[in-house]
Structure formats: C-alpha cells, structure tokens
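All remarks here apply to the structure that follows.
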Amino acid sequence: MIRLLIHAVITALGLWLAAEFVPGVEVGSAGSLIAAAVLLGIVNALVRPVLTFVTFPLTVITFGLFLLVVNAAMIGLVAMMLGGFTVTGLWPGVGAALVTGIVSWIAGTLLGDRKAD
C-alpha cells in the first residue's frame, strides 16, 4: 500500500513538472493533479497493456518509439476523463509522457525498484 502511494506521488510530481514545462499541459488544482495521478495509474494498469499489445507491430517497426505515442494516449485519455487536467494535442501529450517517464525512471533509480511483498 505504501509503494502504491509513493508511486502516485511520483506520478503527480511528473505531471506537475509536465504542466510547468510542457506548453499545452495544464493542471487546474492540486486536487486535479492528485486525481490525474491516481487515474493515470488505473489507466496504465487496465488500458495500456491492451493498447500495447494491439500496437505491437508498430512498436517493433519503430524500434519502441511508438510506446511514446501509447503513453501520450494514456495521458490524453486521463485528460478527457478529468475536468481539471488538460492536454491540448499529441505533441503536448508526448512531452508529458517524456517528462513523467523521466521522473518515474529517476525515482525508481533513487528508491530502488524492488517488488512489493
């Protein structure tokens, strides 16, 4: 449970940094930011595996770069479902996916990426 909470905080930090540095990504309030982080975790757990499987040929052809588009689509889906979180297009979505991915990677490196017991 603690790891899940830490992961949600790290995702919220990544989304906040994306809103600060990527034009076209906006967060209305702290509550919207937290809701977006939790909802992104749920969407990544439920929808992303299906979309990754369906787009596997494109991912292979592009040497994995299409996964950025898949991640941007997940962020865009969250923005469509949540009122206080806005992504204005594909490129802001890709930028947000890059920022949140880098933040998650750095946090995973610093915290250690061990499995929950």
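Here are the numbers for the structure shown:
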item	result
Listed peptides 31-40, 49-58, 79-88 by packing density, highest first (mean Cβ within 10 Å)	31-40, 79-88, 49-58
Net length gained if the chain between TRP105 and LEU68 were fully extended (0.36 nm per residue, minus Cα distance)	11.9 nm
Relative contact order for region 32-111, counting Cα pairs under 8 Å that sit 6 or more residues apart, in percent	32
Of the DSSP H helices in the chain, those whose Cα atoms cover at least 30 Å axially and whose Kyte score averages -0.5 or more	90-111
Relative contact order (percent, whole number), region 1-58, Cα cutoff 8 Å, 6+ residue spacing	33
For the chain: span of alpha carbons on each principal axis (Å, largest first)	38, 38, 23
Net lengthening on full extension, LEU58/ALA45 (0.36 nm per residue, minus Cα-Cα)	2.6 nm
GLU20 versus ILE34: modelled label distance in nm, points set 7 Å from Cα along the beta carbon direction	1.9
√(5λ) per eigenvalue of the Cα gyration tensor, region 63-112, largest first, Å	21, 14, 8
Segments 89-101, 18-30 sorted - mean Cβ within 10 Å per residue, highest first	89-101, 18-30
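Where a number appears in this text, it was derived from the coordinates with a stated rule and is not lab data. Worth saying up front: this structure is predicted, and the values here are computed from it rather than measured. Glycine also receives a Cβ, built like all others from the backbone with ideal geometry; neighbour counts cover every protein chain displayed.
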